[in-house]
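To start, the structure under review is shown below, and the notes come after it.
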Amino acid sequence: MIFKAKPTYQILKSKPKKGLELMYKKYGAQLCAYAIKNWNLNEDEAWELIYKTMFKIEKNIENYEFKNEDKFAAFIYKIFINQLRNYYRDQKAKQVEISGLDNEANIEDKNDQKTESDQVKQLNILLDKLEDWQRMLLLLRAQDMPYSEIAKYIDRPEKQLKVYYQRLKQKIEKQLTEQFKQKAEKEVVYE
């Protein structure tokens, strides 16, 4: 007797964790290759958008019905392309903000240099709190070393390195942002 495999979207609805894993295995590499080849993203940017897409689908899957797996695959690509467009729109807005700064803002005075060195000090403090393998992962990815090469130096599975890297980046960004907000609030109070 031949059993027909249960479609991904049905598994995602009944067992979200298993459905996410299946969706990742079936579509992750394809989406990554598409983003790198057609949208000129680097691997980290592509995977970050893939994760956003899959979590968004998992969160809202109950609102949709699909006739078959092909329709579901088309839906995934549609959501992913929307994520790509949003990403490029946001990147373009950041570039406009940077280029729109007037000359006075571009001139660094001693206070700006002091703030910058404070930021570097805070980053170094956070990096010192990380484990050795975490610092190595951040450093090697900053040099655009592929995960397959990094896995040779770090005793972690290659497939998990992408996840570890994204989490570390988010953790450090969040901590730095919180520290700078607290510092800015203190400065405002004292002035």
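The values are calculated or read from the model by the stated rules, or taken from the named source; none is laboratory data. Values in this document were obtained by computation on a predicted structure and should not be read as measured data. Please note: Cβ atoms are built from the backbone with ideal geometry, for glycine as well, and neighbour counts cover all protein chains shown.
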task = Have a look at N40, N63 and point out the one that is of a type outside the set (S, T, Y), at positive phi and exposed (fewer than 15 other Cβ atoms within 10 Å of the Cβ).
result = N40
ask   = Considering only helices (runs of 4 or more DSSP H) fully contained in segment 120-191, which possess at least 1 residues that are of a type in the set (S, T, N, Q) and within 25 Å of A29 (Cβ to Cβ)?
value = 147-153, 158-190
task = Count, please, the residues in segment 50-80 that happen to be over 20 Å from the mean Cα position of the chain (by Cα) and of a type in the set (A, V, I, L, M, F, W, C).
result = 6
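In segment 143-191, which residue that is of a type in the set (K, R) and at pLDDT below 80 is farthest from L127 (Cα to Cα)?
Within segment 143-191, the match that is farthest from L127 (Cα to Cα) is K186.
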key: Residue pairs meeting the criteria (Cβ under 6 Å; at least 6 apart or on separate chains; first more than 13 Å from L140 (Cα to Cα) and in the same structural domain as L137 (by TED's automatic domain parsing), in segment 158-170; second among the aromatic types (F, W, Y) and assigned to a helix (DSSP H, G or I))   = E158/Y147
note = Residues of segment 15-37 being surrounded by fewer than 17 Cβ atoms within 10 Å (Cβ to Cβ), more than 19 Å from A142 (Cα to Cα) and not hydroxyl-bearing (S, T, Y), in sequence order, are K15, P16, K17, K18, E21, K25, K26, A29, Q30, A33, K37
ask   = For residues in segment 1-14 being polar (S, T, N, Q) and surrounded by 12 or more Cβ atoms within 10 Å (Cβ to Cβ), which is nearest to Q160 (Cα to Cα)?
value = T8
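Conditions (1) within 25 Å of M145 (Cβ to Cβ); (2) outside any helix (DSSP H, G or I), marked per residue:
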position	(1), (2)
K6	no, yes
Q10	no, no
K18	no, no
Y34	yes, no
E45	yes, no
T53	no, no
I57	no, no
F66	no, yes
request  = Quick one: E108 ticks every box in (1) modelled with pLDDT under 75; (2) part of a helix (DSSP H, G or I); (3) of a type in the set (D, E, K, R) except a single one, so which number is it?
outcome  = (2)
ask   = Filter segment 67-98 for residues that are aliphatic (A, V, I, L, M) and free of Cβ contacts under 8 Å to residues at least 40 places away in the same chain; which is nearest to L31 (Cα to Cα)?
value = I81
